[in-house]
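Below is one structure, written out as C-alpha cells; comments come after it.
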Amino acid sequence: MYVAVKGGETAIAHSLDLIADRRRGDRGLAELTLEQIDHQLGLAVDRVMTEGSCYDRRLAALAIKQARGDLIEAIFLLRAYRTTLPRFGDSQPLDTAKMVPERRISAAFKDVPGGQVLGPTYDYTHRLLDFSLAIAADRPEAPTAPADTARTLPHVGDILAREGLLEPPPATPDGRPDDLTRQPLSLPADRPLRLQNLARGDEGFLLALGYSTQRGYGNNHPFVGEIRYGHVPVAFLPEELGFAIEIAEIDVTECDMVNQFAGSQDVPPQFTRGYGLTFGHAERKAIAMALVDRALRARELAESADSPAQDEEFVLAHSDNVEASGFVQHLKLPHYVDFQSELVVVRALRADVEARRQRAAEERAVLGQAAE
Amino acid sequence: MSGELGSSDGALLSARNVTKRFAGRVACRDVSFDLWPGEVLGIVGESGSGKTTLLNCLAGRITPDAGSVAYATASTGTVDVHRLSEARRRLLARTEWGFVNQDAREGLRMGVSAGANIGERLMAVGARHYGDIRGTAADWLARVEIDGDRLDDRPATFSGGMRQRLQIARNLVSGPRLVFMDEPTGGLDVSVQARILDLLRGLVERLHLSAVLVTHDLGVARLLTHRLMVMQGGAVVEEGLTDQVLDDPQHAYTQMLVASILPV
Amino acid sequence: MPDTSTPDTTIAEGAYNYAYLDEQTKRMIRRAILKAVAVPGYQVPFGGREMPLPYGWGTGGIQVTAAIIGRDDTLKVIDQGADDTTNAVSIRRFFARVAEVATTTCTEDATVIQTRHRVPETPLKEGQILVFQVPIPEPLRMLEPRETETRTLHALSEYGVMQVSLYESIARHGRISKSYNYPVMVNGRYIMSPSPIPKFDNPKLDRSPALQLYGAGREKRIYAVPPHTPVKSLDFDDHPFEVEHWSECCALCGSKESFLDEMIVDDAGKRLFVCSDTDYCEGRR
C-alpha cells in the first residue's frame, strides 16, 4: 500500500534519499557542474529563466541539475525560490532598440536598416544527427564580427508605424500594471497583465495555441516583422540618486508580429501588432507568444472571438505550467475518502435499480397469475 | 412620476428616443413607442435594419447610448430598465419577462433534461420541492405539445421545432407579463413554423401576454402581432395597426417589403 | 514531491523567513482572511505565492497556516483523516521546521488543524482553527467555467443553476448523487464549496464553534466560515440532504458513528472497514 496507515514518515525519508541517489547517477562519471549546464545546455537555462520569471543563469542551472533535466520541475524550483526574494523596486522599461544583436531578422522585408543578421540558429541546419558530437573533441571557434555597440537598431514596426501602416503600440491603462507574482489574476485582464501571463506561460501550450490560429482557429494573418535576440542593458532608478544607472546586461529575444489589418471605409486600414518577449534565446516561445497576444486582442479590435486562442479566460487560466503540473499530478495524492463516498453512493444507486427491477418482475408475475 | 421616466400612464413598456451606435455606425436611432398590456408589437425590417439591436436595448441586454426604456413592474411601480441595478434587472428578466432566442440552443441548457430546463426559473426564485417542480415542468411540456415521456431527455435529442417549443415553456413557466421574441420561427421548416406560430398565438391569448416580436417575415407578423413598427437603417419609418400597415403601406420602404412577399 | 532538503539547510542559515513567507506576504494574507471572516462564504482573491510544494497539494492551506501560525501554536495536519498519510507528513514536517511549532496528532490538543478532505470526528472547540486545502474554490465552476460569470452569479445570489444540477441528479438517478464537495449555503447568502470533504462531514460545518478557513493556492482564493455560522447543505424539501451510512463498523475500534475507509485485504476481494480518522480511532481502542 502506498499510503501506509503508519510509517509514512520513514518511507518519505527513504524516497528523498533515493531521488538524491538517482540524480547523481553512476558515481564513476564526473558530476555535472553548473557551468557546464549554463554553457552547454544554455537554451534549457533560457527556458527555465523565462518561465521561472527570474533572470539568473546560475540558479536556473542549479534548478535544472536538481530537477535532473525536468524543465517544468526546474521552473517550479526557480519560481518557489524567486517568490521569497525581497523587492527593491522595478527596473526601467527595457529599450530593445539599444540591443546589441546576436541575431536580427525580418520576414516582412528583404532588407531592413541594420541588415539581416542570422546569428546562431538551428534554422539552417540539416536535422541530421551529428555523430561527431558523440565524442568529446576540440571544436573550432566561429569567427565573429565585432559588435557595433554604439548604434541603435530601429524596430521594423516603428518604420511602418511612421507611415501610418501599422497601428501605434496598443494603449495601455494608466498607472502601474498589476504584478502577477504579487496579485491574483483579475478578469477581464488588460494587455499588460496578459503579456505578463504569456511571458511566464508554458512554451508548449503557447506553441499549440499559436499553431491553432495558423490552422484557422482564429487566424490573424501574421508576418514576422522582426525577431531580434541579443544583449540589452537593464537600468534602475534609485530614488535617493534621482537618475537611472545601468545595473546589468541581459539577453532577450523579442518578436514583433505584424498582423491582419483593421479599418473600414472611414478609418484608413492599418496592420495590427502582436508581441512576444523572452529571456535568453527562445524564438519559438517569442513567436508563439506574439501570435497568442494578437489572438487575445480580438475583442478590442472588434473581431469575432470564438476560437480557443482568442478566449482570454481559457488561455490565461491554463497557461501556467507550474499550476497545471501541480494540479494534474495531485491526482496521485490519496483520494480514498472521496472515492469511499462515491462507492457508497454508487452501491446505493445500484441497489435502487435492483429493487425497481425486482418490483417490476413481481408485478409482472402477479399480473401473469391474474391473467391465468 | 411616470412622466419623469418617459412613459405613458397605463403603458407596460415605454421606449423614448432609444439610440444605439456600434463603432460609429448607428444601429438604431430615436425609437419611441408605448406597448400596452396584452398587446403584441411586431418590429419588422430587413436584416441590418437595427431591429434586433432595438430588442436587446428594450430587454436590458445592451445599454443604449441615448434614450430610456420604462417598464411598469407588477408590484414596485414603473422603473427605468437601464438604471436598475444589474441584480434587479436580472431578477426582472427571469420573473416578469421572457426572452425567446432565434437559436433555441442559446436559450436552453443543452446539457440538462427538459424538466430541469423548465424548472430552472422556478428554482431560481426559491422553489425547493422536487415533486412540485417536476409536476409543473410536466404540465408545461404538455402545454407546448411535447410528449410527457421526454421530460428527462436532454434537448440535444430534440428536433429544432421541439427545442423551440421547450424554450417557450422554459420562459413562460414563471408566468411572465412580457415576452421578447427574436425571430422565434427563423431557421425552421415551414410546417414546423406553422405549428409554433399556432402555439404562440394560443398562449399569448390565453395568458394575456404582452410581447415584442422581431421578425423579417411579414407572414409571421400578420399572424401574431396587433401593431407593427417598420424599421429601415436604424429608424422607424412607419407604424400602425398590423393589418393597416400591411394592407395599405404608406412608406416606400414598407411598400417594397410588402410587394416583395408572395401573395398568400 | 519536491526535494525539501535544500530549503532545510538554507533555513538553518536564516535565508528564509519565520513560517517561510515574508512578513509583507503574511500581512496580505491576513487581510484577505479578515475580509473572508467578515463576509462568510465569499471567495476573497489574494496574491497567492509559489510555495515549495506543488499546486494542488495544499499550497492554499499552507499559505493560510503560515499566515496565522505562531510559536505558541500546536499544529495537527491530516489528509484523508489520517495524520500519517504522505502529504500530511510532508506538510507537518515543513511547519515543524520553518515555524518551529509543536505538532500533535491529537485533535483536542491542536490549536490549528490543516486538513485535506476530512473534518475530524472529535467535535472541535472554540479557539481552534480548521484550515482546509481547497483545489477548486468555485462551487459553480463545473456548471459555469467562466470566472467573470460565476462572480456575477454570486454577487446577485443567482443560484438557480446549482439547484438545477441537483434536480438533474434526482431526475437521472432517483436521488442526489453528489457524494463529496457537496455544496452548502453559508449564512443564507453565499453558496460555498466545502472542499472535497465527504458529505458525511457537512453537518460538522454547521454552527461549529471553531473558525474554518479555506485556502485555494492555485486559484488564489481564501474564504471562511466564522464560528457559530449556519451552514446548510443544499437539497429539496422532498429529497432532504442525508449522509453516508455503513452497515459495517470499524474493524479496529468498533465505531458505528465515524466515516469508514474500505480496504481490500486479500486477492479474493475481502473487505475490511476502518475509521478514516486515525486519531479518533486510536483514542477509542
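Structural remarks
- Overall, the ratio between the Cα radius of gyration of region A:324-372 and 2.2 N^0.38 Å, rounded to two decimals, is 2.18.
- Probe 1.4 Å, accessible area per residue of the protein assembly as shown, Å²: 47
- Computed over region A:10-82, the alpha-carbon pair-distance distribution with 5 angstrom bins reads 3, 18, 25, 20, 16, 11, 5, 1, each value a whole percent.
- Seen against the Cα atoms of chain A and their longest principal axis, helix A:336-371 is set at about 40 degrees.
- Candidate lysines - alpha carbon under 28 Å from A:LYS65, same-chain residues fewer than 8 apart omitted: A:LYS285, A:LYS332
- Using bins of 10 Å that start at zero, the share of Cα-Cα pairs per bin across region C:1-152 amounts to 10, 39, 36, 13, 2, in whole %.
- The ellipsoid that matches the Cα gyration tensor of chain C has semi-axes, each √(5λ) in whole angstrom, of 30, 26, 17, with the longest given first.
- Region C:245-285: translational diffusion in µm²/s, Stokes-Einstein, Kirkwood Rh over Cα pairs, 10 °C, 1.306 mPa s: 153
- Karplus-derived HN-Hα couplings along region B:137-150 (A = 6.51, B = -1.76, C = 1.60, θ = phi - 60°), whole Hz, x at Gly and Pro: 4, 5, 4, 5, 4, 5, 5, 9, 6, 10, 4, x, 6, 9
- With semi-axes defined as the square roots of five times the eigenvalues of the C-alpha gyration tensor, the equivalent ellipsoid of region B:29-103 measures 21, 14, 14 Å, largest first.
- Proximal lysines to B:LYS51, defined as alpha-carbon separation beneath 22 angstrom and excluding residues fewer than eight positions away on the same chain: B:LYS20
- Principal-axis analysis of the Cα atoms of chain A puts helix A:71-82 at an angle of about 70° to the longest axis.
- Between C:ALA102, C:ALA66, C:ALA88, the GNM of chain C built on Cα springs shorter than 10 angstrom shows C:ALA102 fluctuating the most.
- For chain C: relative contact order, % (alpha-carbon pairs under 8 angstrom, 6 or more apart): 21
- Gain in span if fully extended, B:GLU46 to B:SER75, counting 0.36 nm per residue against the direct Cα distance: 6.7 nm
- q = 0.15 Å⁻¹, chain B: log10 I(q)/I(0) [Debye, one scatterer per Cα]: -1.12
- Cross-link reach list, lysines versus C:LYS26, counting only Cα pairs under 21 Å and skipping chain neighbours closer than eight places: C:LYS35, C:LYS76, C:LYS220
- Relative contact order (%) - criterion: Cα under 8 Å, at least six apart; region: chain B: 24
- Size of region A:303-348 from its Cα atoms: along the principal axes, largest to smallest, the extents are 51, 27, 10 Å.
- Radius of gyration and Dmax over the Cα atoms of chain A, both given in Å: 27.9, 108
- 3J(HN,Hα) couplings calculated from phi for region B:46-51 with the Karplus curve 6.51 cos²θ - 1.76 cosθ + 1.60 (θ = phi - 60°) are, in sequence order, 6, 5, x, 7, x, 6 Hz; Gly and Pro show x.
- Excluding exposed DSSP-loop GluC sites (Glu not before Pro) (at most 15 other C-beta within 10 Å), longest clean stretch of chain C: C:127-241
- A Förster distance of 56 Å, applied to the separation of the beta-carbon atoms of C:GLU149 and A:ASP352, puts the FRET efficiency at 0.95.
- For B:MET229, residues with placed amide H under 5 Å, excluding near neighbours: B:GLY42, B:ILE43, B:VAL44
- Note: relative contact order over chain A, using C-alpha pairs below 8 Å and six or more positions apart, is 16 percent.
- From phi via Karplus (6.51, -1.76, 1.60), per-residue ³J(HN,Hα) for region B:71-81 in Hz, x at Gly/Pro: 10, 8, 6, 5, 10, 10, x, 8, 10, 8, 3
- Reducing region A:1-77 and region B:146-197 to their Cα centroids gives an inter-centroid distance of 60 Å.
- If the segment from A:HIS14 to A:ILE135 were pulled out straight at 0.36 nm per residue, it would be longer than the present Cα-Cα gap by 39.9 nm.
- Label point distance in nm, A:HIS221-A:LYS110, each placed 7 Å from Cα along Cα→Cβ: 2.3
- On the principal axes of its alpha carbon atoms, region A:102-210 extends 54, 37, 27 Å, with the longest extent given first.
- For chain A, built as a Gaussian network whose Cα springs stay under 10 Å, the top-fluctuating residue of A:THR96, A:THR181, A:THR84: A:THR84
- Principal-axis tilt of helix A:191-200 within chain A, Cα atoms, nearest 10 degrees: 80
- Leaving ligands and nucleic acids aside, the C/A contact buries around 4900 square angstrom of accessible area in total at a 1.4 Å probe radius.
- B:ARG21/C:ASN187 FRET efficiency (R0 35 Å; Cβ-Cβ; nearest 0.05): 0.20
- Virtual spin-label span in nm between C:VAL243 and B:ASP65, 7 Å along Cα→Cβ: 6.1
- Isotropic mean projected area of the C-alpha convex hull, region C:86-244 (nm²): 10.3
- Region C:245-285, accessible surface, carbon-and-sulfur percent (1.4 angstrom probe): 50
- From the alpha carbon centroid of region A:156-210 to that of region B:46-108 is 35 Å.
- For the protein assembly as shown, taking the reciprocal of the average inverse distance between every pair of different Cα atoms yields a Kirkwood hydrodynamic radius of 32.4 Å.
- In the elastic network of chain C, a GNM with C-alpha springs shorter than 10 Å, the most mobile of C:ASP109, C:ASP237, C:ASP72 is C:ASP237.
- Taken along the Cα-to-beta-carbon direction at a fixed 7 Å, the label points for A:ALA365 and B:SER32 span 8.0 nm.
The values are calculated or read from the model by the stated rules, or taken from the named source; none is laboratory data. Keep in mind the model is a prediction, meaning the values are calculated, not measured. Cβ: placed from backbone, ideal geometry, glycine included. Neighbour counts: every protein chain shown. Quick note on the areas: whole protein, heavy atoms, side chains included, nothing else; ligands and nucleic acids left out. Shrake-Rupley method; radii C 1.70, N 1.55, O 1.52, S 1.80 Å.
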